[in-house]
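Only one structure is covered here, and it is reproduced in the block below.
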Amino acid sequence: MQGPNYFRRIFKVYFTRDKGYLAFWHERPAVSENISPQSLKGFYYMTFSDKARYGGPKDEGGVILFDYYFDIGRQYNPLAVAQYGLGHWNLFLKTGEEKYLKTAKIQAEWLLSHLEKEGEDMWVWKHHFPWHYKHPLASGWYSAHSQGTGISLLGRMFAYTGDERYKDGAKKAFTVFDRAIGEGGVKYTDTSGGVWLEEYRVNPPTHILNGYLWALWGVWDFHVLTNNIRAKELFDECIRTLEKHMPRFDLGFWSRYDLSHQALAMIASPFYHSLHIVQLEATALISGSAIFSDYAKRFARYAKNPFFKTIAVAYKAVFKLFYF
């Protein structure tokens, strides 16, 4: 049962003009132009232009902070740090202005200094605040999503600067990708051999689509960075899993947020539906698989249908009423 502070926080960010940290997450998603998946010297796959314009708090060194209000308060979020850095990396490539590269480096340096050892030989970026997804997550949780996006930033910093510290950090961050959740990693293998990278390490796993795709881009970037054979094998395994299971994310009028099990499917919000479209377009470019392009087009058609959108919004409202 959630306490009153939780519901006040939810009301504030969803039903008032003060969106707080949600302004960062709910950007207008867009694929970067001229993606070059074989080189980390190019643009990151999404522009993150709105994220780069985030006007919220930062620490004295310029690292992004979020104010989660009430019992959580002001915190570093490793995923936000990585995405903020990637947004500024893209601005640097677009404009050539060094100030954007400086901001990207500041975020990358924070990531390097905040990798924490997990177990005997794994390194993770921990979120040092409690969160709630299906059930409470204790402070110190970590995610395939954060790990992959952090690798994507560190890889680009190495490609530009040649500083081996960035490559070494990426190597540490990759250690959890080929470990099962039960062993402290972020990978889940289903009964048919399908390989999933989990945004949240919960049991049973829920296969959140957007987090899986961002994590997968990090696996690809690690392969490009190091020519690591196992990273390429893992990427290919995940692509095959997604190709097989994409129909499960299709409700016939909208996309699903995840594949969690409850009476009502966890439908994507309008924002996450638009994010899925962009992510699938980029994944098609990275992987060369037309399946993802086909689903991006299908989901885009759903989004343009006013009737489907109305159903989706109503469905989402009912889901939140009964679940969270």
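Points to keep in mind about this one:
Conditions tested, residue by residue: (1) surrounded by fewer than 16 Cβ atoms within 10 Å (Cβ to Cβ); (2) β-branched (Val, Ile, Thr); (3) closer than 15 Å to Tyr21 by Cβ.
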| position | (1), (2), (3) |
| --- | --- |
| Asp71 | yes, no, yes |
| Leu79 | no, no, yes |
| Phe92 | no, no, no |
| Gly119 | yes, no, no |
| Met122 | no, no, no |
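- Pairs with Cβ under 7 Å, 6+ apart, first in the stretch 138-163 and free of Cβ contacts under 8 Å to residues at least 12 places away in the same chain, second surrounded by fewer than 24 Cβ atoms within 10 Å (Cβ to Cβ): Ala138/Pro130
- Residues in the stretch 96-120 that are farther than 20 Å from Gly55 by Cα, more than 22 Å from the chain's Cα centre (by Cα) and at pLDDT 95 or above: Gly96 alone.
- Screening Gly193, Gly252, Gly218 for residues that are under 28 Å from Gly85 (Cβ atoms), at pLDDT 95 or above and of a type outside the set (S, T, N, Q) leaves exactly one candidate, Gly218.
- Close pairs from the stretch 206-219: first outside any helix (DSSP H, G or I), partner among the aliphatic types (A, V, I, L, M), Cβ under 6 Å, at least 6 apart: His207/Leu259
- The condition of being surrounded by 15 or more Cβ atoms within 10 Å (Cβ to Cβ), among the charged types (D, E, K, R) and in contact with an Asp or Glu (Cβ under 7 Å, 6 or more places away or on another chain) holds for Lys126.
- Within the stretch 74-122, the residues that satisfy the criterion of being assigned to a loop (DSSP other than H, G, I, E, B), under 23 Å from Thr175 (Cα atoms) and not acidic (Asp, Glu) are Tyr76, Asn77, His114, Leu115, Gly119.
- 3 or more residues of a type outside the set (Ser, Thr, Tyr), out of contact with any strand residue (DSSP E or B) (no Cβ under 7 Å at 6 or more places or on another chain) and under 19 Å from Pro247 (Cα atoms): qualifying helices (runs of 4 or more DSSP H) within the stretch 262-324: 270-287, 290-304
- Selected residue [buried (at least 20 other Cβ atoms within 10 Å of the Cβ), more than 19 Å from the chain's Cα centre (by Cα) and over 24 Å from Thr189 (Cβ atoms)] from Leu251, Leu225, Leu264: Leu225
- Checking each residue of the stretch 138-158 against the condition of being over 25 Å from Pro37 (Cβ atoms), out of contact with any Cys (no Cβ under 7 Å at 6 or more places or on another chain) and crowded, with 16+ Cβ neighbours inside 10 Å gives at least one match.
- For the stretch 29-66, the set of residues classified as without any contact (Cβ under 8 Å) to a residue 40 or more places away in the chain and either touching a strand residue (DSSP E or B) at 6+ places or on another chain (Cβ under 7 Å) or assigned to a loop (DSSP other than H, G, I, E, B) (or both) consists of Glu33, Asn34, Ser36, Arg53, Tyr54, Gly55, Gly56, Pro57, Lys58, Asp59, Glu60, Leu65, listed by residue number.
- Of the residues examined, Leu280 is not one that is over 24 Å from Leu22 (Cβ atoms) and under 20 Å from the mean Cα position of the chain (by Cα).
- Screening Val195 on (1) within 27 Å of Glu109 (Cα to Cα); (2) among the aliphatic types (A, V, I, L, M); (3) touching a Leu at 6+ places or on another chain (Cβ under 9 Å) shows it passes everything except condition (1).
- Of the candidates Lys232, Lys244, the single residue that is within 23 Å of Tyr44 (Cβ to Cβ) and charged (D, E, K, R) is Lys232.
- Residue in the stretch 50-71 that is at positive phi, modelled with pLDDT under 90 and not hydrophobic (A, V, I, L, M, F, W, C) present: yes
- Members of the stretch 161-187 found to be crowded, with 21+ Cβ neighbours inside 10 Å and either aromatic (Phe, Trp, Tyr) or over 18 Å from Leu234 (Cα atoms) (or both), listed by number: Tyr166, Gly169, Phe174, Phe177
- Of all residues in the stretch 154-195, those satisfying the criterion of being over 21 Å from Glu116 (Cα atoms) and assigned to a loop (DSSP other than H, G, I, E, B) are Gly162, Asp190, Thr191, Ser192, Gly193, Gly194.
The values are calculated or read from the model by the stated rules, or taken from the named source; none is laboratory data. Note that the structure is predicted; figures quoted are calculated from it, not measured. Note: ideal-geometry Cβ built from the backbone for every residue, glycine included; neighbour counts use all protein chains shown.
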